Structures are given as structure tokens and as C-alpha cells.
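Down below is the structure, laid out as C-alpha cells.
All of the numbers you see were taken from the coordinates with simple rules; none came from a lab. The structure presented is a predicted model; accordingly, all values stated were derived computationally and were not measured. Using ideal geometry, Cβ is built from the backbone for each residue, glycine included, and neighbour counts are taken over all protein chains shown.
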Amino acid sequence: MPVVRLKPKAEARAIRHGFPWVYSDELVTDRRTQGLTPGTLAVLEDGERRALGLVTVNPKSKIICRMLDRDPEAVIDQAWFETRIARAEAMRTRLFDAPFYRLVHAEADGLPGVVIDRFGDVAVVQPNAAWAEAHLEMLVAALVAVTGVSSVVKNGAGRSRVLEGLTEEVAVVRGAVDGPVTVPMNGALYMADLLGGQKTGLFYDQRPNHAFTARLAQGARVLDLFSHVGGFGLACLAAGAESALAVDGSAPALALASQGAAAMGVEARFATRQGDAFDVLEALGTEGAQFDLVICDPPAFAPAKPALEAGLRAYERVARLAAPLVAPGGYLVLCSCSHAADLSSFRNASGRGIGRGGRRAQLIHTGFAGPDHPMLPQLAESGYLKALTFRLDG
């Protein structure tokens, strides 16, 4: 087993206390270390040659090491994967009465860089780190053995894989997948495209925020911006909303949203509008449109620190354009899934935007990702989702 070593001045204590990453500037990167194949397993030592655990190494990544096991003698075989997946599944089955949830949430579930979403008998695996790509066959075998799923999709797309030097690929690696999968959640029905949709096909992280927002939706006119497959809008219709307008730039996503509405029998109260959300917001403002409940759930405007300032300006602009569309006494829900924008920064940008939109607001609820998206306390990046619910003046 290769050995890699922290620089003498690197902070080994953080690793000992649970921080799961080593950055490239913290490791001794001699020619031997630089020559390791991405995904290689190695023993990590501190500057005094004391073992810290078993890590995976990717010399091409800024995160050069990811902690796999505190036991430097651990064996990464199918049994090891089964133990991690079974532990993750035990919590989800306690929380949810049907097998539709995030099964593995990367570092927080002890499988760094690995995301697995379960859709009944189908699981979608995102191997976003080089070590997971190298061990994919073993990972899939363990997943099937523990959960009994009949089909597994590899979703090898996204920014994280690019940063790891991996190619993009989406493929069915076990069983078969025929068309969208119907997902029941919060009384609504969603159609998830597991092969051609965004991420794994559905965003489970917003489940508790859908539920809270739906409590405000009885008899309401709802505007769901950046709707994807109808996330907030369909949940609100299930809770008795008068109507819901879903806006998204993706025609296929809106088609799936309409299919979900039809499956629920609420298609008469559901409408879609394809277009850039900022353009639609401005157009609705010009039209003098009013809604009792407006939800904005955009993609990550600040996925990394270099994009933070521009991202916060974008969040402020969303709030400024959305606030005038809310009827007096209505509600505005603003969401951010940006790692780089912490809660305070996002809340401040949202407040500025509402004020610039000519409205006064009360912040009545702050929501986060659901418990199937656990947060590793030592890794702030694992707590990415924020959802702010405001009641506007009137």
C-alpha cells in the first residue's frame, strides 16, 4: 500500500477530528505521489509518520486525498461497501415509508464523492470521485446485495467529475430502465427521467421545503419558478392550491411536470411557461400578474467561491423581480443550493432584493435539506441548501 504524508506544518488535528479531505498544498507531492493513478488507495501519515487512516489519492484534483477509513489496514472490498450502504439504508428506512430517497450522501455517509438516489426498484449512482469510478463494479454489486434493487443507472455527469479529471457518461449498468419513474412525495406524483434529466432525475433535498410551502398553498395562486419537473408547484396543488404556473427553461422538464399533474388529476389547475426565468419574471411584472405564493428555486448561482459575488447579485435580482409579483399578504420562497453562499450572505442578498422590489417582509421560516441529505459536521460544504420563506407586506 503506498504511503502519502502531510507536510510538517499541515493541520493533522483537523483530520483526526473528522475532516475528510486533504488539499494538494497540504501534502508532500514528490514524484512518487504525483505518479499515483487517480483513485489509488494509500495510507495517510502525518508529518511525524503516524498513520491517520486509509485514503484515496487523486494527484490531479485540488482535493488530493479523501478519507475512506480511519483504520489504515481496512480492506476496501464488497463487504466494506455493503457495511456502509447498509448503515445508510437503516436510517432512511426509519425515516421514510417508501423507498424513494437519497440513499447515500457522499462524505456524510462514509462514501466520499458518491451520491446514490433510490427510486423504488431503481438506483442512480453518481461516482463523482476517481476512487468511486475505479471501484464502481464493486459498489454496484454491494448496492444490489443490500437493497435488492433490480436496476442501477450510472450518472457520470457534472462539474464534480470534471474537477476529478473524469469523463462524462450516463449508462444503465444493471437491469433496464424504461421511461420516466413515478415518484410519490408529499402527496404529489413526480415523473423522474433517470437517464436524461438533471442530476439523478429528481431533487429529493427539497422534500421538507415542499411540505412547508404546501401548508401555505390552500386556495392560493402559485408561481413556481425554476420548476424543473414541478417540485413546489405539484406539492402545492396536492395541498389544495387554486392554480400553479410552472416556469422553467427546459421543455422536457416541463413536459414531465405536466405528466405528473395529469397523473394526480390536477392538470386543469396546472400550467407551464417555458423560458428564461429572469425574462419571465420581467414579463410577468409588465403584465401586472399577481400570485399569493411565489417560489424561486434556481440552480447554484455561486457553485464556488470565485463566483460568490456574481451569485449573490443574481439571488438579489431574483428577489427584486419576484417580490412585486406577490399579492399583499402573500408569501415568497427563495432558495439557494450554492455551496459558496452561506446562509447569512444568502439571507442578506434576499432581503436587499425584496427591499429593492419595493416590499417589506417578515422571514417566517428557514428550511434546509431533508434528513436523507445528512451533513458532516466537520464539512460545511455538505450543508448547502437554504430555503427562506417570507411573508410580504399587505
> By how many degrees, 0 to 90 and rounded to 10, does the Cα axis of helix 308-322 deviate from the longest principal axis of the chain?
Replying inline: 20 degrees
> Summing +1 for each Lys or Arg and -1 for each Asp or Glu, what net charge is found among the other residues whose Cβ lies under 13 Å from the Cβ of N58?
Replying inline: +2
> Tally Lys and Arg at +1 and Asp and Glu at -1 over the other residues with C-beta under 13 Å from the C-beta of V104: what net charge comes out?
Replying inline: -1
> So what is Rg over Rh here for the chain, counting just Cα atoms and using Kirkwood for Rh?
Replying inline: 1.00
> If you build a Gaussian network model of the chain, linking Cα atoms that sit under 10 Å apart, which residue out of T56, T93, T272 swings the most?
Replying inline: T93
> Hey, which of these cross-link pairs are over 22 Å Cα-Cα: K9/K305; K199/K386; K62/K154; K154/K199; K62/K305?
Replying inline: K9/K305; K62/K154
>> For a quick check, take a GNM of the chain with Cα springs below 10 Å and name the residue from M375, M264, M185 with the largest mean-square fluctuation.
In response: M264
>> Which of rounded, prolate or oblate describes region 162-212 when judged by the alpha-carbon gyration tensor and an a/c cut-off of 1.5?
In response: oblate
> Given the rule -39500 (n - 2.57) for each run of at least 4 DSSP H residues, summed and divided by the residues of the chain, what is its mean residue ellipticity at 222 nm, to the nearest 500 deg cm²/dmol?
Replying inline: -9000 deg cm²/dmol
> So what's the net charge close to V222: Lys and Arg +1, Asp and Glu -1, counting the other residues with Cβ under 11 Å from its Cβ?
Replying inline: -1
>> Need the full-extension length gain, E73 to E11, defined as separation in residues times 0.36 nm minus the C-alpha distance. One decimal, nm.
In response: 20.1 nm
> At a Förster distance of 25 Å, what's the computed FRET efficiency of Q378 paired with R49, Cβ-Cβ distance as r, to 0.05?
Replying inline: 0.60
